[in-house]
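Down below is the structure, laid out as C-alpha cells.
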Ligand SMILES: Nc1ncnc2c1ncn2[C@@H]1O[C@H](COP(=O)(O)OP(=O)(O)OP(=O)(O)O)[C@@H](O)[C@H]1O
Ligand SMILES: [Mg+2]
C-alpha cells in the first residue's frame with residue numbers, strides 16, 4: 001500500500017475521467033462470515049456513485065442477503081430468487097433504485113437457496129449476463145465461504161477484493177480462499193488439464209507442505225515447457241486485492257503487509273494490499289439506523305479510509 005494520505009476526491013475524479021466507458025466488475029469476498037464484506041461493498045459502491053459512476057450492487061449472499069439494509073432500502077420486490085426460478089426473468093428486471101441517484105441494487109435470494117446449491121447452468125447464466133447490465137461498475141457482495149460457485153463469481157470479476165479481520169482465524173481463512181481461488185482458476189483452463197493431479201495435490205496440502213505455484217511451475221516444466229510459461233503468466237497476472245477491516249492498532253494495519261509477503265513466499269501470489277478500515281463505532285450506529293455509513297457519518301475516519309482504498313484500486317485498474 002502506498003501513502004495515499006495526500007490524495008483526495010478530486011484526484012479520484014481525474015482517474016475516473018480517464019476510465020469512462022470501460023465497465024468494471026468488482027467482487028468482494030473472503031473466506032469468513034462477518035468480516036465486513038457487505039460494509040465494504042456498500043460503501044465502495046456509494047463512493048463510486050458519488051463520483052458520478054453508475055453502479056449496480058448484486059447481493060450474492062443467497063439466503064443471507066442483507067445489503068439492502070446497509071443501503072437503507074426495504075427488501076426489493078424482485079430478487080435473484082425470481083431470476084433463478086423463472087427463465088424468462090432478465091437480470092435487468094431485478095434492478096431496484098436506492099436513495100442515491102446513480103446507485104442500484106439487485107437483491108439476493110430471499111429463500112434458503114444458498115450459493116452452494118446454485119446449479120452450474122444458473123451460475124453460468126448469471127456470469128454471462130453480468131456485463132449486459134447498463135452500469136459503469138458492478139459490485140458483487142459474495143457472502144462467506146469457498147464453495148466452487150463463490151470462487152467462480154470471484155474469478156468472473158475484473159477485480160477480486162478480499163476482506164479480512166486482523167485476527168488469526170480470519171487470516172487463515174483468507175489464505176485458504178486465495179489458495180482455493182487460484183487453483184480453481186487453473187483447474188478451469190483447458191491447457192492445464194495435464195497438471196490436474198499436481199494441482200489437486202497442492203490444493204489439498206497444508207501451508208507448511210509448501211506446494212507453491214512455483215513448485216507447480218517447476219513440475220509443469222518437466223511435462224511441457226510451453227504450459228509452464230503460460231502458468232507463470234497466469235500466476236503473475238493473478239493479483240487479488242486485500243483490505244484489513246476493523247484495524248485498531250498500527251500492528252493490525254501492518255498485518256496486511258505481512259500477508260502480502262507470506263502470500264508471495266508460500267503461494268507465489270501477488271496479494272495487493274489496498275488499504276485498511278479502522279474499527280469505528282459509527283459502523284454499528286449506521287447499521288442500527290439502517291443508513292449507509294458514508295452518508296450518515298461523512299466526516300468519520302472510516303470515510304477517509306474508504307476514499308484511500310477507492311483511490312488505490314482505481315489507480316491499479318487504470319488502463
Ligand atoms: N470497521 C468496522 N468497525 C466497527 N464495526 C464493524 C466494522 N466492520 C464491520 N463491523 C461490524 O461487523 C458486522 C458485520 O459486518 P458485515 O455485515 O459487513 O460483514 P459480512 O462479512 O458481510 O458478514 P456476512 O458474512 O454475514 O455476510 C457489522 O454489522 C458491523 O457491526
Ligand atoms: Mg454480508
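Derivation of every value follows stated rules applied to the coordinates shown; laboratory data play no part. The structure presented is a predicted model; accordingly, all values stated were derived computationally and were not measured.
Kindly express, to the nearest 10 degrees and within the range 0 to 90, the angle between helix 120-130's C-alpha long axis and the longest C-alpha principal axis of the chain. So the helix axis and the longest Cα principal axis differ by about 60 degrees.
Calculate for the chain the 222 nm mean residue ellipticity that helices alone would give, adding -39,500 (n - 2.57) per DSSP H run of length 4 or more and normalising by residue count, nearest 500 deg cm²/dmol. My calculation for the chain gives -14000 deg cm²/dmol from helical runs alone. Considering only Cα atoms, the convex hull volume of segment 48-109 works out to 75 Å³ per residue. Taking every Cα-Cα distance in the chain and sorting them into 20 Å bins starting at zero, the pair-distance distribution P(r) comes out as 33, 58, 9 percent. Largest first, the three principal axis extents of the alpha carbons in segment 263-317 are 43, 23, 16 Å in whole numbers. Expressed as a fraction of 2.2 N^0.38 Å, the C-alpha radius of gyration for segment 171-277 is 1.14. Using bins of 10 Å that start at zero, the share of Cα-Cα pairs per bin across segment 19-172 amounts to 12, 45, 36, 8, 0, in whole %. Taking Cα atoms, how many degrees apart are the long axis of helix 37-50 and the longest axis of the chain, rounded to 10 and kept between 0 and 90? The helix 37-50 is inclined about 60 degrees to the chain.
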